[in-house]
Amino acid sequence: MSQPSDDTPDGPPDEHVLVRSAPGEPVISAHGIGKSYGHVRALHDVSLELRRGEVVALFGDNGAGKSTLTKCMCGVVTPDEGHLETPAGPIELHSIRDAEALGITTVHQDLALAPDLSVLENMFLGREVLATDWRRLLGVVSRREMADRADAALSELRINLPSVRIPVSDLSGGQKQAVAVARAAMWSNAGILMDEPTAALGTTQSDIVCELIRSTADRGLAVMVISHDIPRILDVADQVVVLRHGTVAMARPSSEISRRDVVDAMVGYHEHVGGHR
Amino acid sequence: MSSADSTTAAEQPTTSSSGSAPPALPARLRALGSTTALWIFVVDILLVLLFGALSENGSFLTASSFRVLGLDAAEALILAVGISLLLGAGEIDLSLGAGLLLSSVFGGKVIIALAGSGTAVAAIIGLFACLGTGAAIGLVNGLVVTKLRVTSLIATLATMGIATGIANIATSGTDLSDIPASLQDDFGIRNLIGIPLPAFIALALWLVTWILFRSTRFGLRLLALGSNRGAAERSGLKVDAHLIAAFMLVGAMAGLAGFIDLTRFATTNLAGHQNDGLAAITAAVIGGTSLYGGRVSLGGVLAGTLLAVILQDGLVVIGLSAFYQLIAVGVVLIAAVNLDQRRTPGGLRLRLRR
Ligand SMILES: Nc1ncnc2c1ncn2[C@@H]1O[C@H](COP(=O)(O)OP(=O)(O)OP(=O)(O)O)[C@@H](O)[C@H]1O
Ligand SMILES: [Mg+2]
């Protein structure tokens, strides 16, 4: 996997959007996705594309269908209408494992970490590295190998932890979030879907996670972020998609829009012009 | 006033974040000092010394007294080690005592039936009958929990009753009495370098389980299941397969304890194992294993088991009713769990920091 052609060597944050306007290679795209739960139409005719090196921000009010779209794209939910496509052609995802086989991982809203296990054990859960000698036959894991790789993955995202061998329950909220993002990044070689990665985080910690989001994309991955924290995510996003009542209300490059535009699209401002402002 | 408040609030995140990364070594030392297992071990040693001082001529401190202690501890330790596997995975098994009993009944019947073809053959096939019976009960438990979605508390409460019922029906309520007595000397009360063979086996099992949790993929995954079931699922773990395997392993351990019981006493004990399963859970929890999953202390399992056995034997040696043991263990259980909950969250997880 090649690194992105570094077009922004340490540019100031504000220049992200301008310089990175040349899109990378597509990773996965949704075409006319629809999904209903009984009479509730959670999604209708939603299309979007995730490209390498790009952060797509997905905004929308509660119940707009953001999580449902994420679930469709990571194999947890099968859409009723429309289809997903990779550069290799149309694809159906039947489980989270299918998405992971495409190199697409997910940061779940609840982080899905086991608090009693150490950071490294969490990062390798389900993919443990076994010892290379005879102990392999007994299913003995190689903590040193895993620790080295976890350390490398964390430092690549500039995450600082006292140690990867401490239990996750000893971490702060931001550190946990960082571990969840690092884990997703470690097993992803194409894209990461993040469902509200800054929910319930303080200002400082949200900033750290946003930096993580940016640096993950800068490593050449496609990132989709769901958030209610519009100003902060707008700062790191390249593309903005706003969902409203399960349909795409707006899809534009972040360089062209303001926070106000996002909120207007979320609440359907254009439908009753002259209201506020 | 309000401005002072907002200053404090604004400063808090900075303060807490700079204080949240204590140097690793002192933290580990603190964890070591506050480990429940260690405290219980200290209590164990003090109790041995106390009973030694109170017993006539220090008879509690003799080799033969320790051999009895070892024999008593062997069965209890095997059950406690077994339950730690399930507690780690966030499940529980109340059927261990009944599993022990039913295994000893079936194993005993097999041994009696085969006694004609040589004691060794009978014993070996009897051992497998015990292990198989226990594992079968475990399989039922595992299937009921994973496929019928009955919580393990209820499922194993049911199988406890079922297994006890079958054991009594199969024996018509009379303990088996035709077990060859030679099995006792050959296995049940045999000594190796002065230590009872069953105690050796129990310690070996304890060690293997300790390594299993500390170093193997299976152990880690069990703890993950107990720590956050949903996360384990989304990490692609085969939850049902792991749980069924754990229930069967624990069941087989109860079967092993049943075989030891059978060969030690050369009879079954229909009336004697009702409390064994709960005693195992008690021993594990006293030692710092969490009832809610994800945290297991094998050191605590050993210390907690020894505590119960030392109290039981010691009280008898100094001439007090063994029922005082129940009272003492109950008090210690409450004290130990209280100690646990007041401690810093890192304390119990020493084992996991490797
Ligand atoms: N499993 C489900 N069963 C029934 N209805 C569902 C289910 N999941 C989602 N819905 C419905 O689909 C709609 C979209 O839900 P979704 O979770 O995608 O919203 P969201 O944009 O993520 O909202 P939030 O910001 O609150 O997380 C909602 O009306 C919700 O009630
Ligand atoms: Mg949601």
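The values are calculated or read from the model by the stated rules, or taken from the named source; none is laboratory data. This one's a predicted model, so the numbers in the text were calculated from it and none came from an experiment. Here the Cβ positions follow ideal geometry from the backbone for every residue, glycine too, while neighbour counts run over all protein chains shown. All accessible areas refer to the heavy atoms of the entire protein, side chains included, with ligands and DNA or RNA removed. Shrake-Rupley method; radii C 1.70, N 1.55, O 1.52, S 1.80 Å.
Being farther than 18 Å from A:Leu113 by Cα and either within 13 Å of chain A (Cβ to nearest Cβ) or touching a His at 6+ places or on another chain (Cβ under 9 Å) (or both): is that true of B:Ile260 here? Talk me through it step by step, then tell me what you get.
On the way: farther than 18 Å from A:Leu113 by Cα: yes; either within 13 Å of chain A (Cβ to nearest Cβ) or touching a His at 6+ places or on another chain (Cβ under 9 Å) (or both): no.
No, not satisfied.
Residues are listed down the side, and each one gets a yes or a no for (1) in a strand (DSSP E or B); (2) at pLDDT below 95:
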| residue | (1), (2) |
| --- | --- |
| A:Met1 | no, yes |
| A:Ser5 | no, yes |
| A:Pro9 | no, yes |
| A:Leu18 | no, yes |
| A:Val27 | yes, yes |
| A:Lys35 | yes, no |
| A:Arg41 | yes, yes |
| A:Gly53 | no, yes |
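To keep it simple, each residue is scored yes or no on (1) under 30 Å from A:Ala184 (Cβ atoms); (2) open to solvent by less than 10 Å² (accessible area, probe 1.4 Å).
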| site | (1), (2) |
| --- | --- |
| B:Ile189 | no, no |
| B:Ala204 | no, no |
| B:Thr209 | no, yes |
| B:Val239 | yes, no |
| B:His242 | yes, no |
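How about region A:176-189: which of its residues are among the polar types (S, T, N, Q) and open to solvent by 40 Å² or more (accessible area, probe 1.4 Å)? Write out each step before concluding.
Initially, region A:176-189 is screened for residues among the polar types (S, T, N, Q), giving A:177, A:188-189.
Within region A:176-189, just A:Asn189 meets the criteria.
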Practice prompt. Give region B:252-284 a look and list any residue that's β-branched (Val, Ile, Thr), under 11 Å from B:Ala80 (Cβ atoms) and open to solvent by 20 Å² or more (accessible area, probe 1.4 Å), or say none.
Written response: B:Thr282
Response to the item:
Selection from region A:58-77 of residues near ligand 2 (Cβ under 10 Å from one of its atoms) and open to solvent by 40 Å² or more (accessible area, probe 1.4 Å) yields A:Asn62, A:Gly63, A:Lys71
Worksheet item: Residues A:Ala190, A:Ala199: which one is more than 12 Å from chain B (Cβ to nearest Cβ) and more than 15 Å from A:Asp110 (Cα to Cα)?
Response: A:Ala190
Item to complete: Would you check if there is a residue in region A:139-152 being within 20 Å of A:Glu100 (Cβ to Cβ) and under 16 Å from the mean Cα position of the chain (by Cα)?
Response: no
Worksheet entry | Only one of B:Leu205, B:Leu243, B:Leu222 that is within 12 Å of chain A (Cβ to nearest Cβ), touching a residue at least 40 places away in the same chain (Cβ under 8 Å) and within 19 Å of B:Ala284 (Cβ to Cβ) | B:Leu222
Item to complete: Return yes when B:Thr7 is surrounded by fewer than 18 Cβ atoms within 10 Å (Cβ to Cβ), away from chain A (no Cβ under 14 Å) and at pLDDT below 85 and no when it is not.
Response: yes
Practice prompt. Any residue in region A:96-123 that's of a type in the set (Lys, Arg): show its pairings with residues that are within 16 Å of ligand 1 (Cβ to nearest atom) and not in a strand (DSSP E or B) at Cβ separation under 8 Å, as long as the two are six or more apart or on different chains.
Written response: A:Arg97/A:Gly75
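If a residue must be among the polar types (S, T, N, Q), open to solvent by less than 10 Å² (accessible area, probe 1.4 Å) and either within 14 Å of another protein chain (Cβ to nearest Cβ) or away from ligand 2 (no atom under 14 Å from the Cβ) (or both), how many such residues does region A:202-235 contain? Steps first, answer last, please.
Step one: of region A:202-235, the residues among the polar types (S, T, N, Q) are A:203-206, A:215-216, A:227.
Narrowing further to those that are open to solvent by less than 10 Å² (accessible area, probe 1.4 Å): A:206, A:216, A:227.
Narrowing further to those that are either within 14 Å of another protein chain (Cβ to nearest Cβ) or away from ligand 2 (no atom under 14 Å from the Cβ) (or both): A:206, A:216.
Of the residues in region A:202-235, 2 are among the polar types (S, T, N, Q), open to solvent by less than 10 Å² (accessible area, probe 1.4 Å) and either within 14 Å of another protein chain (Cβ to nearest Cβ) or away from ligand 2 (no atom under 14 Å from the Cβ) (or both).
Go through region B:197-250 and tell me which helices (runs of 4 or more DSSP H), entirely inside it, have 2 or more residues that are modelled with pLDDT of 95 or more. Give the derivation first.
Numbers: elements: B:197-215, B:217-227, B:229-234.
Hits in region B:197-250: B:197-215, B:217-227.
May I ask you to list the residues in region A:176-198 that are outside any loop (DSSP other than H, G, I, E, B) and free of Cβ contacts under 8 Å to residues at least 60 places away in the same chain?
Here is the first cut: in region A:176-198, the ones outside any loop (DSSP other than H, G, I, E, B) are A:176-186, A:191-195.
Scanning region A:176-198 gives A:Ala178, A:Ala182.
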Worksheet entry | Scope region A:222-235; condition closer than 17 Å to A:Asp261 by Cβ, away from ligand 1 (no atom under 16 Å from the Cβ) and either assigned to a strand (DSSP E or B) or in contact with a strand residue (DSSP E or B) (Cβ under 8 Å, 6 or more places away or on another chain) (or both); matching residues | A:Leu234
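Residue by residue through region A:143-157, note down the ones that are farther than 22 Å from A:Thr106 by Cβ and open to solvent by 30 Å² or more (accessible area, probe 1.4 Å).
A:Arg144, A:Glu145, A:Asp148, A:Asp151, A:Ser155
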